[in-house]
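> Can you read through this structure? Questions will come right after.
The values are calculated or read from the model by the stated rules, or taken from the named source; none is laboratory data. All of these numbers come straight from a predicted model, not from anything done at the bench. Note that each Cβ is placed from the backbone with ideal geometry, even for glycine, and that neighbours are counted across all protein chains shown.
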Amino acid sequence: MATSFPAAFMRGGTSKGLFIEASQLPFDTLTRDRVLLTAMGSPDKRQIDGLGGAHPLTSKVALLSPPTHPDADIDYLFLQVSVETGEVSHAQNCGNMLAGVGPWAVRKGWVTAREGKTSVRVHMLNTGGLAICDVPTSGGDVIEEGETTISGVPGKGAAISIEFLGLAGASTGALFPTGAKIDHSYGIEATCIDNGMPVILLRANDLGCSGDEAPEDLEQNHSLKAKIEAIRLDLAVKMNLGDVRNSTVPKITLLSPPKHGGFVSTRTFIPHRVHQAIGVLGAVSVATGCVIKGTVGEQVLKGSAPKAAGSPYAVEHPTGYFEVELGVDGETINRSALVRTARLLMSGDVFVPKAVWGEE
């Protein structure tokens, strides 16, 4: 016999996963995580007995609940469900899944739809930050059709603009959590930065990389992965993140000069697979770490063509580019914003065995 709970399965940006009202799951965290692992089919590299897509980008969960922040309409807790291990992590935000939170809230009637666009104020529980998601709406419903394209997603959709409030140091306590713009680890220079996502920036050529390798080729370079993980574990302690052997943060991003007319080229370890694109908040941190003087990112871009005034920062990644809008005043970032699309893929009931839920 099985127990079920209602959920929506949605694509948000370049990720997809389950969107669930938190009250529909067990209150006990251990039981809740066991239910989610079973629902997604973990641990199993194919996730054949669950809804997961056998990749970290398609094994995600958004838990939604009434707001506990006075300036928010909804609380959002992001959970990364490991594909091959029995772990469920809340150590990071996910800006791609965030793109689906606004449409979910409107469809559920948690926020009343307005004609044209509806602003949904989201309290991101992972870090305590706030985001404002402007969702296209008409006739009381969400509009998904549009002319906006985002790299890594086929077709077009309606633009969902997202502006973040108070991102700097959300996870680590400071924009530069080590107190320095340049750190050293195993003979490699790095910039540790947190503008929404803790990220360690490295020059690709310092690690013998060109910066335009295919993700699968980087994943097969075991000596490279071992060195990157050693650097990650070392610098994470200095970033106030402690022992991160079982954590998905910080990420590691290899930087190189732009290859396709963008601002900077990236390859991101998340941390043990290589992202087919780049995460939303990861892209914000990367762009930030390139515009402030004295960072590894600034050094990588010396001699590159300057960005056109007023245009977004186009962060290149393996499947295209990600545009980030930043308001920069010296070493202060006063605005971080971007555009995503989202789509409801299905809505229904997810079934797990009663024993997993703790029922006889």
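> If you scan the range 60-75, which residues turn out to be over 16 Å from SER23 (Cα atoms) and either within 17 Å of the chain's Cα centre (by Cα) or surrounded by fewer than 21 Cβ atoms within 10 Å (Cβ to Cβ) (or both)?
Hits for the range 60-75 are LYS60, HIS69, PRO70, ASP71, ALA72.
> Still on this model: If you take the residues in the range 149-207 that are touching a Leu at 6+ places or on another chain (Cβ under 8 Å) and acidic (Asp, Glu), which one is farthest from PHE78 (Cα to Cα)?
Only one residue fits best here, namely GLU189.
> Kindly establish whether VAL352 is touching a residue at least 24 places away in the same chain (Cβ under 8 Å), surrounded by fewer than 23 Cβ atoms within 10 Å (Cβ to Cβ) and at negative phi.
yes
> Just to verify a result, which residue in the range 2-14, among those that are under 14 Å from PRO103 (Cβ atoms) and not aliphatic (A, V, I, L, M), is farthest from the chain's Cα centre (by Cα)? Step through it out loud before you land on a result.
Going through the range 2-14, the residues under 14 Å from PRO103 (Cβ atoms) turn out to be 8-13.
Those still in the list that are not aliphatic (A, V, I, L, M) too: 9, 11-13.
Working: PHE9: 17, ARG11: 13, GLY12: 10, GLY13: 9 Å.
That would be PHE9.
> Show me the strands (runs of 3 or more DSSP E) entirely contained within the range 135-197 in which 1 or more residues are over 27 Å from VAL106 (Cα atoms) and hydroxyl-bearing (Ser, Thr, Tyr).
Here the list reads 183-185, 188-194.
A quick yes/no check of all residues on (1) hydrophobic (A, V, I, L, M, F, W, C); (2) more than 19 Å from LEU25 (Cα to Cα); (3) out of contact with any His (no Cβ under 9 Å at 6 or more places or on another chain); (4) crowded, with 18+ Cβ neighbours inside 10 Å:
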site	(1), (2), (3), (4)
GLU316	no, yes, no, yes
PHE322	yes, yes, yes, yes
VAL339	yes, yes, yes, yes
GLY348	no, no, yes, no
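> Within the range 175-217, track down each residue that is of a type in the set (A, V, I, L, M, F, W, C) and touching a residue at least 60 places away in the same chain (Cβ under 8 Å).
LEU175, ILE182, ALA190, ILE193, MET197, VAL199, LEU201, LEU202, ALA204, ALA214
> While we're on this one: Out of VAL286, VAL244, I need the residue that is crowded, with 24+ Cβ neighbours inside 10 Å, at pLDDT 90 or above and of a type outside the set (D, E, K, R). Which one?
VAL286
> I'm trying to understand the selection: among the residues of the range 67-89, which are in a loop (DSSP other than H, G, I, E, B) and either closer than 16 Å to PRO271 by Cβ or touching a residue at least 40 places away in the same chain (Cβ under 8 Å) (or both)?
PRO67, THR68, HIS69, ASP71, ALA72, ASP73, SER82, VAL83, GLU84, THR85, GLY86, GLU87
> Now for a different question. Return yes when ILE182 is of a type in the set (Val, Ile, Thr) and closer than 21 Å to VAL296 by Cα and no when it is not.
Judged against the criteria, ILE182 is a match.
> Among residues belonging to the range 46-59 that are out of contact with any Gly (no Cβ under 8 Å at 6 or more places or on another chain) and not in a loop (DSSP other than H, G, I, E, B), point out the one that is surrounded by the fewest Cβ atoms within 10 Å (Cβ to Cβ).
My answer is PRO56.
> Of all residues in the range 89-108, which are within 22 Å of ASN246 (Cβ to Cβ) and not aliphatic (A, V, I, L, M)? I'd like the intermediate steps shown before the answer.
Taking the range 89-108 first, the residues within 22 Å of ASN246 (Cβ to Cβ) are 89-94, 97.
Within the range 89-108, SER89, HIS90, GLN92, ASN93, CYS94 meet the criteria.
> All but one of (1) on the phi > 0 side of the Ramachandran plot; (2) buried (at least 19 other Cβ atoms within 10 Å of the Cβ) hold for LEU25, so report the exception by its number.
(1)
> Quick one: which residue in VAL106, VAL35, VAL83 is surrounded by 16 or more Cβ atoms within 10 Å (Cβ to Cβ), within 20 Å of THR341 (Cβ to Cβ), among the aliphatic types (A, V, I, L, M) and at pLDDT 95 or above?
Going through VAL106, VAL35, VAL83 in turn, the sole match is VAL106.
> Same structure, new question: Here are the criteria: (1) part of a loop (DSSP other than H, G, I, E, B); (2) more than 27 Å from ALA337 (Cβ to Cβ). Tell me which single one LEU218 does not satisfy.
(1) is the only condition that LEU218 fails.
> Here are SER210, SER223, SER185: which of them is under 24 Å from THR319 (Cβ atoms) and surrounded by fewer than 21 Cβ atoms within 10 Å (Cβ to Cβ)?
Among SER210, SER223, SER185, only SER210 is under 24 Å from THR319 (Cβ atoms) and surrounded by fewer than 21 Cβ atoms within 10 Å (Cβ to Cβ).
> Here's something else I'd like to know. Looking at the range 245-255 only, could you name the residues that are out of contact with any Pro (no Cβ under 7 Å at 6 or more places or on another chain), farther than 24 Å from GLY166 by Cβ and part of a strand (DSSP E or B)?
Within the range 245-255, the first condition is being out of contact with any Pro (no Cβ under 7 Å at 6 or more places or on another chain), and the residues that meet it are 245-247, 253-255.
Applying the additional criterion that residues be farther than 24 Å from GLY166 by Cβ yields 245-246, 254-255.
Correct list: LEU254, LEU255.
> Is there any pair with a first residue in the range 157-170 that is closer than 11 Å to GLY128 by Cα and a second that is among the hydroxyl-bearing types (Ser, Thr, Tyr) whose Cβ atoms are under 8 Å apart and which are 6 or more apart or on different chains, and what are they?
So the pair list comes out as LEU167/SER336; ALA170/THR127.
> For the range 150-164, give me the residue count where each residue is in contact with a Phe, Trp or Tyr (Cβ under 9 Å, 6 or more places away or on another chain) and β-branched (Val, Ile, Thr).
Residues flagged as in contact with a Phe, Trp or Tyr (Cβ under 9 Å, 6 or more places away or on another chain) and β-branched (Val, Ile, Thr) within the range 150-164 amount to 1.
> Report the residue count in the range 5-40 for those that are part of a strand (DSSP E or B) and in contact with a Gly (Cβ under 9 Å, 6 or more places away or on another chain).
Final tally of qualifying residues: 11.
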